[in-house]
Structures are given as C-alpha cells and as structure tokens.
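Everything below concerns the one structure shown next.
Laboratory data are not the source of any read-out in this text; all were calculated from the coordinates shown. Here the structure is a predicted model, which means the values were calculated and not measured. For neighbour counting, all protein chains shown are included, and Cβ atoms are generated from backbone atoms with ideal geometry for every residue, glycine included.
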Amino acid sequence: MLKTLRRYLAAGIIIWVPLIVTVLVIRFLINLMDRSLLLLPPTYRPDALLGFHIPGLGVLLTIVVLLVTGTLGANLFGRRIVGFWESIMSRIPLVRSIYSGAKQVAETVLSDGSTSFKRVYLVQYPRKGVWSMCFQTSTNLEEIQGRTAEEVICVFVPTTPNPTSGFILFVPRSELIELDMSVDEGLKMIISLGVVVPRWRSPEAARLAAGEGAA
C-alpha cells in the first residue's frame, strides 16, 4: 500500500513540478519585459488608457523596440549614431570595460558563424581520470594560442544545478572528446544533476542498423 502511494505521489510531483517551474519562469520573464512600458509617458501607458493591466503588453513593446533599434542600427545613419554612442562609452573608465565586454559576448554568441556554445565536450577535470562536461566557447585565442605548444580550445565547465557559474579552461584539442548530444541536451543533464541522460546510439549500432535496413 505504501509503495503504491509513493508511486502515485512521485507521478504527481513529476507532472506538477515542471509545470510550476515553467509558469514561474515565464511569468518572471513577462513581468521583466512589462517594465519596458515605463519607457512610455504615463498618460500613454496601456494601464492608464484601458484602466486595467494586461500582462504581456511589455513583451510586444520590447520586440518592437528591438526591431526598430536593429533596423536603425543597420543603416548608415544608425551606424554613425551607434559609433558616436560607443565612443562616449569608451571614454568612461569603469563603464567602457563592462560595455565592451558585454558587446563582444553578445556579438560572439549571436553571430551566425560563431562556434560558441555549439559543441559539447568531455574533459578530464578536476584531475586525470575524472571526466566533466564542458561547452566550447572560443577557438580564436590569439596570445593564449601563440604561447602554448599545441592547439587549445577555450571551454566552459559549468557547475550544477546552476550552469550560469563555472570555470573556463584552455584545453588541448587532443584532450577533448566531442559528444553527439546538443547543447540543450547537455544543459538538461547538468541542471538535472545527471538524472536526465540524452538517448544515444553508438556508431557501431548505427552501422548495424543501416546494414540491416539495406539487407
């Protein structure tokens, strides 16, 4: 009887916990983007015009602002304004390092040709014989590459269950094992403390399956 109750309780938790977490995350993001409505004059805000609050209107305003900003920044006049703005930011001692760093990260991650966070590897860390999952962040390492004896890759080793913190390592390519799993699958495995393991078919099994299909 107790075993049956435990099974039903676990099934209920499995159903509700992901749903609650998803709702909380989405609500947090919507509330965060709703703050973009503060950019509008008080008399033109939807709450004042309609007399009540509609959650999610800030999402539409955020998308519009991003599209308009991107459109302006893509033409010659907009690029001049952005260049003037960046020249001002580069003259402020503390701000320039934060701004330039954040811009480089955004450009690298959002670039179509970027390889950042596109590959998952295994690396022997924190010691030989112990494997950790890591994500490729950069292969163009300039001085670091020039001062090492062989080709190295910059990888990010996240902590669990919070993958936003971790360590960056410069590892020889020969010491990394590339995995077939996607970055999303790797993050799910890290966040779940290794409980959620992506399904994988070994190359040998794939070849056998292909041979049986051809036969």
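Place a +1 charge on the Cβ of each Lys and Arg in the chain and a -1 charge on the Cβ of each Asp and Glu, then give the dipole magnitude about the Cα centre in debye, rounded to the nearest 20. Intermediate values should be presented prior to the final figure.
On the way: 21 positive and 16 negative charges, 126 e Å.
Dipole of the chain, to the nearest 20 debye: 600 debye.
Quick check: net charge around PRO158, other residues with Cβ under 15 Å of its Cβ, Lys/Arg +1 and Asp/Glu -1? Combined, the nearby Lys, Arg, Asp and Glu give 0.
Can you spot the aspartates and glutamates whose alpha carbon is less than 14 Å from LYS128's alpha carbon? Ignore those fewer than 8 places along the same chain. Within the straight-line cut-off, LYS128 pairs with GLU175. Take 38-47, 165-174, 117-126 and order them by the average number of nearby Cβ atoms within 10 Å per residue, most first; the result is 117-126, 165-174, 38-47.
Helix-only arithmetic for the chain: the sum of -39500 (n - 2.57) across DSSP H runs with n ≥ 4, divided by the residue total, places the mean residue ellipticity at 222 nm at -17000 deg cm²/dmol. Annotation: lysines with alpha-carbon distance below 21 angstrom to LYS103 (same-chain offsets under eight excluded): LYS118.
Histogrammed with a bin width of 10 Å, the alpha carbon distances of the stretch 117-203 distribute as 17, 48, 28, 6 percent, first bin at zero. Per residue, the convex hull spanned by the Cα atoms of the chain amounts to 295 cubic angstrom.
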